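Below is one structure, written out as structure tokens, with a few remarks after it.
The values are calculated or read from the model by the stated rules, or taken from the named source; none is laboratory data. A quick note: this is a predicted structure, and the numbers were derived from the prediction, not measured. Neighbour counts run over all protein chains shown; Cβ positions are idealised from the backbone, glycine included.
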Amino acid sequence: MSAYIVRRLAWLPVILFVVSFSTFTIARFGPGDPVSVAAGQIRDPEVLERIRVERGLDRPIPVQYIKWLTNAVQGDLGESYLQQGFSVSELIFPRMWISAQLGFVALVIVFAIGIPLGLIAARFSGTWIDPMIIGTLLFLQAIPVLVLIPPLIWLFALQLNWLPVGGWDGIFDVWWIGGVIAVPIPDPHLYIPLIAFTLPGFVGVARLVRVSALEVNLSDYVRTARAKGLSEAAVQFRHILPNSLLPLITVVGFALASIIEGALFVETLLGINGIGRFLFEAVTSRDYDVILAATVIFSTVFVVTNLLAELCYGLVDPRVRIGSTRR
Amino acid sequence: MSQNRLLAILLSVLAGLVLVVGGLSAVLLLSGGGGDTTGPDGITTTGSGGNPTQPASGRLRLSGTDPVTLDPHTAGDASSAEYIVEIFSGLVTLTPDLDIVPDLAESFDVSPDGLTYTFVLRENATFHTGRRVTADDIKWSIERAASRELASPTALAYLGDIIGVREHFHGIADGVPGVEVVDERTVRITIDAPKPYFLAKLTYPTAFVVDRQQVESNPRNWTRRPNGTGAFKLAEWRLGERIVLQANAQYVLGAPKLSEVVYLLSGGSALTRFENDELDVAFVSVNDIDRARDPSSTLGPLYTAWPQFTISYIAFNTNVPPFDDVHVRRALGLAIDRARISEITFSNMLTPATGILMPGMPGYQSEDLTLPFDPEAAVAELALSRYVDDMPPIIISEVGAGAEARTDTQAFLEQWRTILGINVEVQQTDFATFLADQDAGRLQAFNAGWIMDYPDPEDILDLKFHSASTLNDVSYSNPEVDALLDRARIERDPAARLSTYQEAERLIVDEAAWLPLYFSLSHVVVQPQVTGWFEPPMVVPRLRFIEVSR
């Protein structure tokens, strides 16, 4: 098993090399460059060329790449053109952290609500309850975030004055009981983005769980469990529930990777200083080093979370043997 | 490990989290649900200074964005300049009325031949740290701004008139002989021709003073807490969150009336936050303009609109068919009804342009120089064109995300099609691609804009229409216009100079190298507690004039 992990992780540098080199090359083949974007309206071609020479952008791509790689290996991911005087790491990590917190809380809620709803739908399959649940969730998924957020802001921020209009101030706020005991509570900035993030997400989890539970329901061991006279609750919770959750593990890996990238629309509409919005701006303005660093970091997260998911799967389901033919 | 046990653990962790989040939400909702979760006196959850969205006396709350850089010598964009002109300063500055007045200098003197400017620094001119600003600081700053290593995009445009700056920038020579230190308080600047607009260029950040000690000790990161000479000090900069400026009581032109300015860099729609009393000033967009203009609405009494020195235009590449033919350009210009289109698509938020120079600019002519909307004249004009029977395909480019074209562009296309029978296509590209195509001269026609950098007609007429200018992106070339511009450049009599520019402007507009579309307005709402707020037509230091009372 550990040999397997080592072998998988040994591939990571190779993957990162391929990802970074292709991103590096593709970005530079795209029309335009950051020098031109950062220049503003005074665009003397002679001066722009001078800047490119000074920044090394006139050198052949492999030479530029090797220089980037040498620095990157030493932890220097370069500098931004749009936010001069700050290293790429300083720009990316704090924003990624904001998006990751938000995404993680959203993920937990999606699972916490999606799983039971999926199980209920499966349990009442064939009745009106099943299509009602799935239909409602599908409807929620169909509301574009762009349409969902403005009424939420209007209602909760402007009319009721309960929540701020946007922004981000961490997951937890502090609530004081009698001015002495501090109790952590969710920060008020959290609610609107969470609603926007989670509502469209329930249906994915619920449907997966529902299908899987229906399948498990037909399996021999569930029939046996029922046959030996176990109560319905015991059948549901001891047999159907755990086994129908198996496919979710693979989903978690992908979901974790994608949530870190944040949601462009949510972050833009609510003015949350996350990685999604930042990266969008970086791409449209050809901020090479930022694009590259983000791609490399996302690739790493993706590879690692998928490896973890695979390992979990192996642990949970003995039929899946990972990395070795003997056990 | 048995699968059930592992799953049970996973599930209970999940359930725990849900209970925590859910339970706490319930607690919050029961507690009256809301943003006001204040701690006991003296304990705040935020860092220094308390909650920036809470109003306080002498504190102004604005929305903003992270500046590209706070280095005055390399900044070329308006949003960086907004901060820079408050934190830094130079020998001269612009007043809100756009007069050029001494700043760090207490006086200046121009030699009779118009080539040499002698500045005497104020005795009390200091950096924020209290260090005196000397003539050496001025010379060092200009040499840094124009240095080869810094490769500033603005250096040549603003300092290139000074003897030796070009050689210094290209690394041919070291040092700028055109800037001489006479004594500790006197600096002499020599330029290559008697250009009356040179002084105006010195009001731009490229000519500002930076602290040599600070820059040299921390060349990469000094802009995070820069030691400037301006009316405000940068007290805090949290990327993407907020920028806090604090008054500099020692500022040579007088201490600010505000104690603190907080720029909030995130948080969603500025107008919504304004209505929620999180901001003191907000811009009004076209979606909200009717509401703001309605005097009976809550926003109505707080709304004002301010003309800007900004023009948007359609540029025709005069090198490329069919725009190498003046009749085609004029025909297209005669066939669009800008006033009506502006009214319908922008709710009159923009003023139809009457020429190239905006109202308020020196040399502005109150008569409308632009081609009038006249369908018959347009058809007649097109008939004169050599392309009348064989019109090449026309593509107009604009920056966009590949969705619908700008609404006004769509209206123009429709008028060109129905009046002239010319089908024009729109091509949308992202900003970087657009700039690359524009710089390479690949665009046939495009939507563009220009923001004045200093209040002199040279900054637009000479830069954009002289055949030898590198910023002439429509390849416009007219020997008569060139001759006028050359003359105006060194004309020392102000009235004669402006009338020369007016003549050039008339020719340029008449030949329709650009179709001037609109002059911009800045539409803002300001909280009643704020006094003295104004939107200058271009970036000038202004925060020290503003007051907040609560």
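Details
- All of B:Gly421, B:Gly441 fail the test of being within 14 Å of chain A (Cβ to nearest Cβ) and at positive phi, apart from B:Gly441.
- Residue match in segment A:86-104 (condition: closer than 27 Å to A:Ile249 by Cβ, of a type in the set (S, T, N, Q) and outside any helix (DSSP H, G or I)): no
- Segment A:160-176, subset touching a strand residue (DSSP E or B) at 6+ places or on another chain (Cβ under 6 Å) and not aromatic (Phe, Trp, Tyr), residue farthest from B:Gly240 (Cα to Cα): A:Val174
- All positions within segment A:1-33 that are touching a residue at least 40 places away in the same chain (Cβ under 8 Å), more than 27 Å from the chain's Cα centre (by Cα) and facing another protein chain (nearest Cβ under 8 Å): A:Gly32, A:Asp33
- Selection status of B:Ala151, more than 14 Å from every other protein chain (Cβ to nearest Cβ) and either more than 25 Å from B:Thr500 (Cβ to Cβ) or in contact with a Leu (Cβ under 9 Å, 6 or more places away or on another chain) (or both): no
- Residues of segment B:471-510 that are among the polar types (S, T, N, Q) and within 14 Å of chain A (Cβ to nearest Cβ): B:Asn472, B:Ser475.
- Every residue from segment B:326-340 that is more than 25 Å from the chain's Cα centre (by Cα) and buried (at least 18 other Cβ atoms within 10 Å of the Cβ): B:Val326, B:His327, B:Val328, B:Arg329, B:Arg330, B:Ala331, B:Leu332, B:Gly333, B:Leu334, B:Ala335, B:Ile336, B:Asp337
- Residue in segment B:399-417 that is away from chain A (no Cβ under 14 Å), touching a Ser or Thr at 6+ places or on another chain (Cβ under 7 Å), without any contact (Cβ under 8 Å) to a residue 40 or more places away in the chain and of a type outside the set (S, T, N, Q) present: no
- Note on segment A:141-165: residues that are in a loop (DSSP other than H, G, I, E, B) and more than 7 Å from chain B (Cβ to nearest Cβ) amount to 4.
- Among the residues examined, B:Arg497 qualifies as touching a residue at least 24 places away in the same chain (Cβ under 8 Å), under 27 Å from B:Leu202 (Cβ atoms), surrounded by 22 or more Cβ atoms within 10 Å (Cβ to Cβ) and of a type outside the set (Ser, Thr, Tyr).
- Test for A:Ile51: is it at pLDDT below 85 and either at the interface with chain B (Cβ under 7 Å from one of its Cβ atoms) or more than 28 Å from B:Arg225 (Cα to Cα) (or both): no
- In segment A:8-22, the count of residues that are under 21 Å from B:Leu435 (Cβ atoms) and touching a helix residue (DSSP H, G or I) at 6+ places or on another chain (Cβ under 6 Å) is zero.
- Scanning segment B:355-414 for residues that are hydrophobic (A, V, I, L, M, F, W, C), in a helix (DSSP H, G or I) and surrounded by 18 or more Cβ atoms within 10 Å (Cβ to Cβ) yields B:Ala378, B:Leu382, B:Ala411, B:Phe412, B:Leu413.
- Subset of segment A:79-115 (residues that are polar (S, T, N, Q), surrounded by fewer than 22 Cβ atoms within 10 Å (Cβ to Cβ) and more than 7 Å from chain B (Cβ to nearest Cβ)): A:Ser87, A:Ser89, A:Gln101
- Exactly one residue out of B:Val210, B:Val252 is part of a loop (DSSP other than H, G, I, E, B) and either within 14 Å of another protein chain (Cβ to nearest Cβ) or touching a Gly at 6+ places or on another chain (Cβ under 6 Å) (or both), and it is B:Val210.
- Within segment B:444-456, restricting attention to residues that are more than 8 Å from chain A (Cβ to nearest Cβ) and in a loop (DSSP other than H, G, I, E, B), the residue that is farthest from B:Thr203 (Cα to Cα) is B:Gln444.
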